[in-house]
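Quick one: the structure is below, questions incoming.
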Amino acid sequence: MVLIVASIKHPQFTDGFVCRALSAASWKDLKATIVLNKMDLCSKQDEELKTRILTTYDPERTGYPLFPVSCITGRGTDELLEYIKGKTVVMTGPSGAGKTSLVKYYNPSLDVKIGSLNPRTSKGKHTTVSARLIPLESDTAVIDTAGLRMFSIDHIPRNDLQFCFPEFSKYLENCRFRNCLHISEPGCAVKSAVENGSISKIRYGKYINFMDEKNS
Ligand SMILES: Nc1nc2c(ncn2[C@@H]2O[C@H](COP(=O)(O)OP(=O)(O)O)[C@@H](O)[C@H]2O)c(=O)[nH]1
Ligand SMILES: [Mg+2]
Ligand SMILES: [Zn+2]
């Protein structure tokens, strides 16, 4: 199982990174879970941002579980630990999202380096440079990895990208054309689902971006 750790801000949450990572995991049939960290940084002004992210990645819509957490207040950390109990999970995510901090939260005696953020850009500084397996409890372990700037999905064939968006799956057979790629074809059931709000416009927008990228 892979935990995609992203912070709500500092560094800023980016749909591109998260959607790429989710697609890459789905392509490998790897169960992916979103961990939305730094919830403690959410102030009143961030309500809209928070709602936007929680709506876009609502597990009921996407099928990917999501845990809002904070390594500062401990919010959501018990639920997350319970969820990964008995498993070995790998974490990925942008540099500075708080992957190492999360491990340290669960295992305070651990000798690991937490990065500082660049004060100007709020970006991480790639403090973790190699992957490391850290046992949390007797039957649970986390693999901390180096942060990534971007997640490549170049290896996913263009016609298969649609299968890496789990929320599309129940509509696929209702498209008028069997080879519909859900871009501008008439009678597309995926696009109808986007229009009536069943599929997130942001998630669909990322699908279109990724398809365009594969064209160029
Ligand atoms: N406010 C806040 N800061 C956090 C949280 N988790 C991590 N940080 C900070 O984010 C920075 C990067 O953390 P680090 O664990 O090195 O990120 P990594 O690159 O994903 O491993 C550090 O300054 C941490 O103290 C959190 O939940 N809330
Ligand atoms: Mg780290
Ligand atoms: Zn379609």
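Scan the stretch 49-62 and tell me whether some residue there is over 28 Å from K170 (Cα atoms) and not assigned by TED's automatic domain parsing to the domain that holds N209.
Scanning the stretch 49-62, I find at least one residue that is over 28 Å from K170 (Cα atoms) and not assigned by TED's automatic domain parsing to the domain that holds N209, so the answer is yes.
What helices (runs of 4 or more DSSP H), lying completely within the stretch 90-209, carry at least 1 residues that are within 16 Å of ligand 1 (Cβ to nearest atom) and in contact (Cβ under 8 Å) with a residue 24 or more places away in the chain?
Filter on the stretch 90-209 gives 99-106.
What number of residues within the stretch 54-71 are in contact with a helix residue (DSSP H, G or I) (Cβ under 7 Å, 6 or more places away or on another chain) and not β-branched (V, I, T)?
Residues flagged as in contact with a helix residue (DSSP H, G or I) (Cβ under 7 Å, 6 or more places away or on another chain) and not β-branched (V, I, T) within the stretch 54-71 amount to 9.
Checking D78 against (1) in contact (Cβ under 8 Å) with a residue 40 or more places away in the chain; (2) of a type outside the set (V, I, T); (3) part of a helix (DSSP H, G or I), which single condition isn't satisfied?
Every listed condition holds for D78 apart from (1).
May I pose another question? Of the conditions (1) over 23 Å from S26 (Cβ atoms); (2) at pLDDT 95 or above; (3) touching a helix residue (DSSP H, G or I) at 6+ places or on another chain (Cβ under 7 Å), L136 clears all except one; give me its number.
Status for L136: all satisfied but (2).
When residues of the stretch 18-44 are filtered for being surrounded by fewer than 22 Cβ atoms within 10 Å (Cβ to Cβ), out of contact with any strand residue (DSSP E or B) (no Cβ under 6 Å at 6 or more places or on another chain) and among the hydrophobic types (A, V, I, L, M, F, W, C), how many remain?
Summing the residues that are surrounded by fewer than 22 Cβ atoms within 10 Å (Cβ to Cβ), out of contact with any strand residue (DSSP E or B) (no Cβ under 6 Å at 6 or more places or on another chain) and among the hydrophobic types (A, V, I, L, M, F, W, C) in the stretch 18-44 gives 4.
Can you tell me which residue among S43, S23 is of a type in the set (G, A, S) and out of contact with any helix residue (DSSP H, G or I) (no Cβ under 8 Å at 6 or more places or on another chain)?
Result of the check over S43, S23: S43.
Further question: Could you tell me whether any residue of the stretch 159-172 is surrounded by 16 or more Cβ atoms within 10 Å (Cβ to Cβ), of a type in the set (A, V, I, L, M) and under 21 Å from the mean Cα position of the chain (by Cα)?
yes
Does L49 count as over 20 Å from S95 (Cβ atoms) and more than 12 Å from ligand 1 (Cβ to nearest atom)?
Criteria met by L49.
For the stretch 23-52, which positions are touching a residue at least 40 places away in the same chain (Cβ under 8 Å) and either in contact with a Phe, Trp or Tyr (Cβ under 6 Å, 6 or more places away or on another chain) or small (G, A, S) (or both)?
Matches in the stretch 23-52: S23, A24, S26, V35.
Can you spot a residue in the stretch 79-92 that is surrounded by 15 or more Cβ atoms within 10 Å (Cβ to Cβ) and at positive phi?
no
The values are calculated or read from the model by the stated rules, or taken from the named source; none is laboratory data. Given the structure is predicted, the values throughout are model-derived calculations rather than measurements. For neighbour counting, all protein chains shown are included, and Cβ atoms are generated from backbone atoms with ideal geometry for every residue, glycine included.
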